[in-house]
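Quick notes on the structure that follows.
The values are calculated or read from the model by the stated rules, or taken from the named source; none is laboratory data. No experiment lies behind these values; they were computed from the predicted model shown. Ideal geometry is used to build each Cβ from the backbone, glycine not excepted, and the neighbour counts take in all protein chains shown.
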């Protein structure tokens, strides 16, 4: 299971400072697109019944801090 699948399955947020150091990260997408993923944050989207209906993913924070923070997780 990749990162998105992990988040959907566990209903837990994931904050990754270096995607290439995480074994769940699929490097093939970067290879195909020419994009370079650095940091990422993924959070489950849950309905009123507690069912996961999607996963929100943000990559490569655009700021002096190249990694997402705990404050970002709360937003």
Exercise. When both residues are 6+ apart or on different chains and their Cβ atoms are under 7 Å apart, which pairs have a first residue that lies in the range 1-17 and is exposed (fewer than 12 other Cβ atoms within 10 Å of the Cβ), and a second that is in a helix (DSSP H, G or I)?
Worked result: 1/9
Seminar exercise, completed: Screening 56, 48 for residues that are closer than 24 Å to residue 69 by Cβ and either part of a loop (DSSP other than H, G, I, E, B) or at pLDDT 95 or above (or both) leaves only 56
